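The values are calculated or read from the model by the stated rules, or taken from the named source; none is laboratory data. As the structure is a prediction and not an experimental result, all values here were calculated from the model. Neighbour counts are summed over all protein chains in view; Cβ atoms, including those assigned to glycine, are modelled from backbone coordinates with ideal geometry. These area figures cover heavy atoms from the full protein model, side chains too; ligands, DNA and RNA do not enter into them. Shrake-Rupley method; radii C 1.70, N 1.55, O 1.52, S 1.80 Å.
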Number of protein chains: 2
Amino acid sequence: MVADTRVVEELKAAILRGEFSPRQRLVEIELCEQFDASRFAVRAALQALEADGLVERQRNRGARIREIGIDEAVEITEVRQVVEGLIARRAAERVSVDEAEALAAIGRAMHEAVAAGEVAEYSDLNARLHSMLRDIARHEKANSIIAHLHGQMVRHQFALSRVPGRSKVSVHQHQAIIDAVVEGDGDAAEQAMRTHIASVADALRGIG
Amino acid sequence: MVADTRVVEELKAAILRGEFSPRQRLVEIELCEQFDASRFAVRAALQALEADGLVERQRNRGARIREIGIDEAVEITEVRQVVEGLIARRAAERVSVDEAEALAAIGRAMHEAVAAGEVAEYSDLNARLHSMLRDIARHEKANSIIAHLHGQMVRHQFALSRVPGRSKVSVHQHQAIIDAVVEGDGDAAEQAMRTHIASVADALRGIG
DNA sequence: ACGACCTGTATTGTCGACAATATTGTCGGC
DNA sequence: GCCGACAATATTGTCGACAATACAGGTCGT
C-alpha cells in the first residue's frame, strides 16, 4: 500500500459512502479518470482494498465490489460480539474518572435522542459510544480487527438503522454497558456488550 | 494479490519457517533471484504480506520483516482467547458423533505423548486439535481471523513450546475443552477454551 | 433454428526502463 | 579528530508500452 495513499483512501471512502453497488465492476481505466491517477496507483489501491475485504478480484477478470450477504454479516457480527466484549472488559478495567463522566454523558444524550425520536442523532451517539470504548480499552489488535469488520458492514448497518423500534430496545443495552464500565466491573461489561451485539445479530437474521 | 500466487505463498512460507529474522530488510532484487521471479511479482507479494501483517514497508525505504514484540503477542493472544472461545462454543453446538470420536482420540494421543515426553508429537497434536475444532465450527470469519493472527505468532509459538512443563498443564485444559465439546455444552466449551488460552497468555508474559 | 467455432474488442497482466529518493562514503574546513 | 556538505551508490517508485486473456457478437455448417 505504499503507492499513493491518496487513491486508496479516496476509493475506500467512496465505497464506504456507498457510491458503488455490490458486484459492480471496477474498471481500472474508469477509476483512473475518476480519481485522476495512473493505472499503477489504481491497481495498488485495488490490491489494498482486496486485502481489506471490500473488493474481490479474479485473474484477468478484474475487480468488483464484494457482496456481503446476510449470512456473512451475521458471522461478522458474531465475531464482533466477542471482540467488542473483550474491549468492553478492558475499558471497564482501565477507565478513568474523566472517561467515566464522558460515557455517562453519552448515555444521557442517548436517552434524550430516543425520547425526541431523533434517529440520526442516536445513530451518531451509538458510533461515538463504541468508538470511545475502543479508545479507553487501548487494545490495538482488537481495535484494528473491529475496524476491519466494520468496513464490511456499512451496507447492513444502514439497513439495521431503519428497523423500527430498535433504538428503544438498544438504549437500555447501551446503558447497561455504560453502567458496568463506569463501575469498573469487567465481567458485567463484557456480558452487557455481548447481550447488546447478540440482539444486533438477531435483528440482522430478521432482515434476511 | 493477483500476480503470481506462487511467489506470495513461497515467500510467506519462508517467513513462517523462520528463514528471515525480525527487522531484516527484504531487498526486492534479492528476492527476485531467490524465488526466480520478476520484480513485479515480488512487489505484489510484499504488498500482500504487508496486509497480512508479516512485513512492514516504508516509502522509499523498502520492506522488512515486521518485529512482533511480547506486548503485541500478548494482545494477539487476548484476541485469540475470545475468538477461539467462539469457535469452541460453535463446535460444541455442531459436533457430529464421528467428529466427537476423532476429538476423543486426539485427547488420548495427547495423554500418551505427554507420558512419553514426546514434545514434538504433543505440539503437533495441539495444532491438530485446534484445527479440528475450527473445521467443526465452520465459522469462516472466525477461522480466517485466527489464521491471520496465527501467522504473526509463529516465532513466539516456538518459544512457548520450549517452556518446560507447559504440556503437563495444558493437557488437562485440552481435555476439558474436548469433554465439553463432545458433550455439546457450548458454555463450558467456551469457558474451557478461554481458560486454556489465558494460560498461554500468562506463559507469554512470563517470557517477556 | 441452433450450436460450435472463430474473430474483434475490451480489459487486465507483465515487463523493462527511467525517475525519485534514501543511504553510504568521502572530502574539506575548523 | 570531528562535523557538515556533497558526491556516489543502492534501492525503491512510477510509468508507458506490449502481451495475454476473457467476453461478445457474428459466421458457418448442419
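Per this entry, residue A:47 is counted among residues that are under 25 Å from residue B:50 (Cβ atoms), in contact with a helix residue (DSSP H, G or I) (Cβ under 9 Å, 6 or more places away or on another chain), within 16 Å of DNA strand C (Cβ to nearest atom) and among the polar types (S, T, N, Q).
Of the residues B:150, B:130, which single one is under 15 Å from residue B:106 (Cα atoms), surrounded by 15 or more Cβ atoms within 10 Å (Cβ to Cβ), modelled with pLDDT of 95 or more and within 11 Å of the chain's Cα centre (by Cα)?
Details: B:150 fails: under 15 Å from residue B:106 (Cα atoms).
Criteria check complete, one pass: B:130.
Considering only residues of region B:50-63 that are open to solvent by less than 70 Å² (accessible area, probe 1.4 Å) and within 14 Å of DNA strand C (Cβ to nearest atom), which is farthest from residue B:151 (Cα to Cα)? Spell out the reasoning first.
As a first pass, look at region B:50-63 and keep what is open to solvent by less than 70 Å² (accessible area, probe 1.4 Å): B:50-57, B:62-63.
When the remaining residues are screened for being within 14 Å of DNA strand C (Cβ to nearest atom), the result is B:56-57, B:62-63.
Details: B:56: 14, B:57: 18, B:62: 21, B:63: 18 Å.
Looking at the filtered set, the residue picked out is B:62.
Test residue B:19 against the criterion of being within 16 Å of DNA strand D (Cβ to nearest atom), out of contact with any Phe, Trp or Tyr (no Cβ under 8 Å at 6 or more places or on another chain) and outside the structural domain of residue B:152 (by TED's automatic domain parsing), and give yes or no. No, not satisfied. Taking (1) away from chain B (no Cβ under 13 Å); (2) closer than 25 Å to residue A:187 by Cβ in turn, residue A:109 satisfies each apart from (2). For region B:1-46, filtering for residues that are open to solvent by 20 Å² or more (accessible area, probe 1.4 Å), closer than 19 Å to residue B:144 by Cα and part of a helix (DSSP H, G or I) leaves 5. If you check residue A:90 against the conditions, is it under 27 Å from residue A:201 (Cα atoms) and within 11 Å of another protein chain (Cβ to nearest Cβ)? So residue A:90 passes the test.
Got a number for residues in region B:55-79 being in contact with a Leu (Cβ under 8 Å, 6 or more places away or on another chain) and more than 7 Å from chain A (Cβ to nearest Cβ)?
We begin by selecting, within region B:55-79, every residue in contact with a Leu (Cβ under 8 Å, 6 or more places away or on another chain); these are B:55, B:57, B:62-66, B:70, B:73-74, B:76-79.
So of that shortlist, the ones also more than 7 Å from chain A (Cβ to nearest Cβ) come out as B:55, B:62-66, B:70, B:73-74, B:77.
Residues in region B:55-79 being in contact with a Leu (Cβ under 8 Å, 6 or more places away or on another chain) and more than 7 Å from chain A (Cβ to nearest Cβ): 10 in total.
Within region B:22-44, the set of residues being within 14 Å of chain A (Cβ to nearest Cβ) and within 12 Å of DNA strand D (Cβ to nearest atom) comprises B:26, B:28, B:39, B:40, B:42, B:43, B:44. The single residue among A:21, A:38 that is closer than 21 Å to residue B:46 by Cα and among the hydroxyl-bearing types (Ser, Thr, Tyr) turns out to be A:38.
A quick yes/no check of all residues on (1) away from DNA strand D (no atom under 16 Å from the Cβ); (2) among the small types (Gly, Ala, Ser); (3) free of Cβ contacts under 8 Å to residues at least 12 places away in the same chain; (4) not assigned by TED's automatic domain parsing to the domain that holds residue B:177:
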| site | (1), (2), (3), (4) |
| --- | --- |
| B:52 | yes, no, no, yes |
| B:90 | yes, no, no, no |
| B:115 | yes, yes, yes, no |
| B:118 | yes, no, yes, no |
